[in-house]
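What follows is a set of notes on a single structure, which appears directly below.
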Amino acid sequence: QVQLVESGGGLVQPGGSLRLSCAASGTIVSFYAMGWYRQAPGKQRELVAAITSGGSTNYADSVKGRFTISRDNAKNTVYLQMNSLKPEDTAVYYCNTKMNGINYWGKGTLVTVSS
């Protein structure tokens, strides 16, 4: 059974940094594409960053140059390093993977960027 558990969210001031973690079980993060999504209040869930099994990455235009997705194969964990945070980055952040045509989601971690 696939489980994705996010952590690392919290309250941070504009310009600050956070690192989110997604610990995976029941899957191997290096075998499948992994992604971070976010959903702000009243908005649709959107892709923030993704990493393929080959290590290629892609980012939403709104976070390019500020966010970095990475993975630690030994820990079976995917990270999202978020720098220069802005109030508009406030959202619940979700980890995602797709195996055998099935999407798996974590429960999310809340990031609030506010002074």
Tally Lys and Arg at +1 and Asp and Glu at -1 over the other residues with C-beta under 9 Å from the C-beta of Tyr37: what net charge comes out? +1
Under 23 Å between alpha carbons - lysine pairs in the chain that sit 8 or more apart or on different chains: 9
Considering only protein heavy atoms, what per residue accessible area in square angstrom results for the chain with a 1.4 angstrom probe? 53 Å²
Between Asn76 and Ser114, what's the calculated FRET efficiency when r is the beta-carbon distance and R0 is 30 Å? Round to 0.05. 0.40
Given the Cα-Cα distance of Thr52 and Phe31 and 0.36 nm per residue of separation, how much length would full extension add, in nm? 6.7 nm
Provide the net charge surrounding Asn83, with neighbours chosen by a C-beta distance below 11 Å and charges set as Lys +1, Arg +1, Asp -1, Glu -1. +2
Kirkwood Rh in Å, taken over all unlike Cα pairs in the stretch 53-115: 13.5 Å
Roughly how many percent of the accessible protein surface of the chain is carbon and sulfur, given a 1.4 Å probe and a whole-percent answer? 47 percent
Total charge of the residues flanking Val113 in space, meaning their Cβ is under 13 Å from its Cβ, with Lys and Arg +1 and Asp and Glu -1, is +1
Dipole size in debye (nearest 20) for the stretch 1-110 around its Cα centre, Lys and Arg Cβ +1, Asp and Glu Cβ -1? 20 debye
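The values are calculated or read from the model by the stated rules, or taken from the named source; none is laboratory data. The structure presented is a predicted model; accordingly, all values stated were derived computationally and were not measured. Backbone-built Cβ (ideal geometry, glycine too); neighbour counts: all protein chains shown. These accessible areas exclude ligands, DNA and RNA; they are computed on the full protein's heavy atoms, side chains included. Shrake-Rupley method; radii C 1.70, N 1.55, O 1.52, S 1.80 Å.
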